[in-house]
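The values are calculated or read from the model by the stated rules, or taken from the named source; none is laboratory data. Fair warning: this is a prediction, and the values are worked out from it, not measured in the lab. Neighbour counts are summed over all protein chains in view; Cβ atoms, including those assigned to glycine, are modelled from backbone coordinates with ideal geometry.
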Amino acid sequence: MTSYNILKSWIISDRESYKDVIENCIENFQPKQFLGLTGPMGSGKTFFTNKLIHYYGLNKNVFFQSPSFALHHHYQNSQISIDHLDLFRLENHDELESIGFWDLFSQDDSLIIVEWADRINLKLIPKKYNPIIIEFKIENNIRHCYLKKLIF
């Protein structure tokens, strides 16, 4: 069983609420960072990812699609290298190898964002990548967001 420390929680009342979540996440980021996103379909994982990518100055006029079919997209500018994966369609862990998932952890500095991160064994993420999870929930039509640190 995977264990976490909850670092912070929010109620997401509107699209601007994501800014506070992003700023708090970035305070916890290290040069090598794994950010796993969990939650049901439509809970805000892809929207959050877009806001985070835009925060780093990547094309703010583009809505970055979740890589549901490609599984992996890469974005880069002079400030950061971001790998964005969507594991919703992941059928088995062997597919992680075939898309080069484990190779991402050999990069010097990068932010690895994984939607549907609960589909993999998070204990296998290298500790040096400071695994942080953001869990999105919808309860009684209210969106909740939890910033959690993986306990090894």
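Overview of results
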| read-out | value |
| --- | --- |
| Options 113, 134; residue that is modelled with pLDDT of 90 or more, over 14 Å from residue 3 (Cα atoms) and under 12 Å from the mean Cα position of the chain (by Cα) | 113 |
| Condition met for residue 120 (β-branched (Val, Ile, Thr), in contact with a Leu (Cβ under 7 Å, 6 or more places away or on another chain), surrounded by fewer than 20 Cβ atoms within 10 Å (Cβ to Cβ) and farther than 25 Å from residue 7 by Cβ) | no |
| Flag for residue 105 being more than 17 Å from the chain's Cα centre (by Cα) and on the phi < 0 side of the Ramachandran plot | no |
| Residues being on the phi > 0 side of the Ramachandran plot and touching a helix residue (DSSP H, G or I) at 6+ places or on another chain (Cβ under 9 Å) - total across the stretch 130-152 | 1 |
| Pairs where the first residue, in the stretch 1-14, is among the β-branched types (Val, Ile, Thr) and the second is surrounded by 10 or more Cβ atoms within 10 Å (Cβ to Cβ) and outside any strand (DSSP E or B), C-beta under 6 Å, 6+ apart | 2/122 |
| Where residue 54 falls short, out of the listed (1) touching a residue at least 24 places away in the same chain (Cβ under 8 Å); (2) buried (at least 16 other Cβ atoms within 10 Å of the Cβ) | (1) |
| Where a residue in the stretch 63-80 is at negative phi and surrounded by 13 or more Cβ atoms within 10 Å (Cβ to Cβ) and its partner, wherever it lies, is modelled with pLDDT under 85 and not β-branched (Val, Ile, Thr), with Cβ under 6 Å and at least six apart | 73/67; 75/58 |
| Inter-residue pairs, beta-carbon under 8 Å, first of a type in the set (Phe, Trp, Tyr) and in the stretch 98-121, second crowded, with 16+ Cβ neighbours inside 10 Å and assigned to a loop (DSSP other than H, G, I, E, B), 6+ apart | 105/125; 116/87; 116/90 |
| Top-ranked residue in the stretch 6-34 [being among the aromatic types (Phe, Trp, Tyr) and under 13 Å from residue 148 (Cα atoms); ranked as surrounded by the most Cβ atoms within 10 Å (Cβ to Cβ)] | 34 |
